[in-house]
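Accompanying notes for the structure given below.
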Amino acid sequence: MASERVRALTRALAVAALAASAAHAQIALKSPSWSELSDHDRQVLAPLASDWNNLGAQRKAKWLGLAKRYPGLAPDQQQRIQGQMREWSRLTPDQRNAARERYKSLKSLPPDQKNAMRQKWQEYQSLPPDKRRELSARPPARAPGAFSRVPPPAPRAPGQ
Amino acid sequence: MNHREAEFARKIARHLDHAAADIRPGTLYRLKQARAAAMANLVPASSATGELAAADGGSVSDGPSYFRSAAVRWLGVALLVAVAGFGYQQWRSMQQVYEFEDLDLHLLASDLPIDAYLDRGFQNWLRNGFER
């Protein structure tokens, strides 16, 4: 009798778990085509229109989640996101992961250094192309992905 | 059972038959009720064999029903393990989607362009104190 009950319970559990996982898989693997997207999603994700149908289910889910949060962002942030969407999408997975790691290390910097980074980037852009090429050719001295701390500014001469 | 034992059994049966004739109607009724209850609770032969086999730990003579029930049990366990593994994988995958969604949203909305995160020259330049 007890063994019958154990068997019945095992079967019921297996069937229930199978049904639950099948339902979950249906949700997790949903991969809508561009024409199936809502007007709002199509408008936000417009830079990805030509690549959308080639994206995997996981990446589509990520972009759709991002589109949902898009209206809550400031207009300049919305503009930056749309401006970089296609370029980001066309990076290799390794490049995206490297950029994410560097972004995380940037977030850990003190606020003043974090805010100064945009200006530093512009200064770097104004370097002669040969110099930038030479810097790029050097091996990374620290762990890849780590945004180094910006050295403190040189002491100014008195009176300046 | 040898000859003497068989003879002894026959004698007992004769005495019982003789005594049964003298049983009072009330006692007879209760005996009938008890027999009917026992018959109603009788476990089918195949199931009884399986339970006995399972109870004594199993052996070569356990019969096909034991193997069938054990196979079903192991199949159930294997199915549960497979489903749990698959579910965990799906859950991890969804977690990664949420993590990337949050990270990418902030990265793309940040002041720095994507190139700044990927340019090794920029990283080296920052590290070396903005050499010119």
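The values are calculated or read from the model by the stated rules, or taken from the named source; none is laboratory data. Bear in mind that the values here come from a model prediction, so they are computed numbers and not experimental data. Reconstructed Cβ throughout: ideal geometry from the backbone, glycine too, with neighbour counts over all protein chains shown. Protein only, heavy atoms only, side chains kept; ligands, DNA and RNA dropped before computing areas. Shrake-Rupley method; radii C 1.70, N 1.55, O 1.52, S 1.80 Å.
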| Within segment A:98-115, can you find the residues that are hydroxyl-bearing (Ser, Thr, Tyr) and assigned to a helix (DSSP H, G or I)? | A:TYR103, A:SER105
| task | Give me the pairs, please: first residue somewhere in segment A:110-131 and under 19 Å from B:ASN128 (Cβ atoms), second residue anywhere and open to solvent by 40 Å² or more (accessible area, probe 1.4 Å) and outside any loop (DSSP other than H, G, I, E, B), beta-carbon distance under 7 Å, and either six or more positions apart or on two chains. | result | none
| said: Just checking, does segment B:92-110 include any residue being over 16 Å from A:ARG96 (Cα atoms) and outside any helix (DSSP H, G or I)? | reply: no
| Residues (assigned to a helix (DSSP H, G or I) and at the interface with another protein chain (Cβ under 7 Å from one of its Cβ atoms)) located in segment B:111-120 | B:ILE114, B:ALA116, B:TYR117, B:LEU118, B:ARG120
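So that you can scan it fast, the table gives a plain yes or no per residue for (1) open to solvent by 40 Å² or more (accessible area, probe 1.4 Å); (2) modelled with pLDDT of 95 or more:
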{"site": "A:PRO75", "(1), (2)": "yes, yes"}
{"site": "A:ARG80", "(1), (2)": "yes, yes"}
{"site": "A:ALA98", "(1), (2)": "no, no"}
{"site": "A:LEU127", "(1), (2)": "no, no"}
{"site": "A:ASP130", "(1), (2)": "yes, no"}
{"site": "A:ARG133", "(1), (2)": "yes, no"}
{"site": "A:ARG142", "(1), (2)": "yes, no"}
{"site": "A:ALA146", "(1), (2)": "no, no"}
{"site": "A:VAL150", "(1), (2)": "no, no"}
| Which one of these does A:LEU91 not meet: (1) within 11 Å of chain B (Cβ to nearest Cβ); (2) more than 12 Å from the chain's Cα centre (by Cα); (3) surrounded by fewer than 17 Cβ atoms within 10 Å (Cβ to Cβ)? | (2)
| query | Has segment A:115-129 got any residue that is more than 9 Å from chain B (Cβ to nearest Cβ) and under 13 Å from B:ASP104 (Cβ atoms)? | reply | no
| query | What's the number of the condition B:GLN123 fails, among (1) modelled with pLDDT of 90 or more; (2) facing chain A (nearest Cβ under 9 Å)? | reply | (1)
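Residues in segment A:58-88 that are among the small types (Gly, Ala, Ser), more than 16 Å from B:ASP111 (Cβ to Cβ) and at the interface with another protein chain (Cβ under 9 Å from one of its Cβ atoms): how many?
Summing the residues that are among the small types (Gly, Ala, Ser), more than 16 Å from B:ASP111 (Cβ to Cβ) and at the interface with another protein chain (Cβ under 9 Å from one of its Cβ atoms) in segment A:58-88 gives 2.
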| message | Quick check on segment A:30-51: of everything there that is outside any helix (DSSP H, G or I) and of a type in the set (Ser, Thr, Tyr), which residue is most open to solvent (accessible area, probe 1.4 Å)? | response | A:SER50
| task | For segment A:102-111, state whether one or more residues are at the interface with chain B (Cβ under 7 Å from one of its Cβ atoms), under 14 Å from B:LEU108 (Cα atoms), modelled with pLDDT under 95 and open to solvent by less than 80 Å² (accessible area, probe 1.4 Å). | result | yes
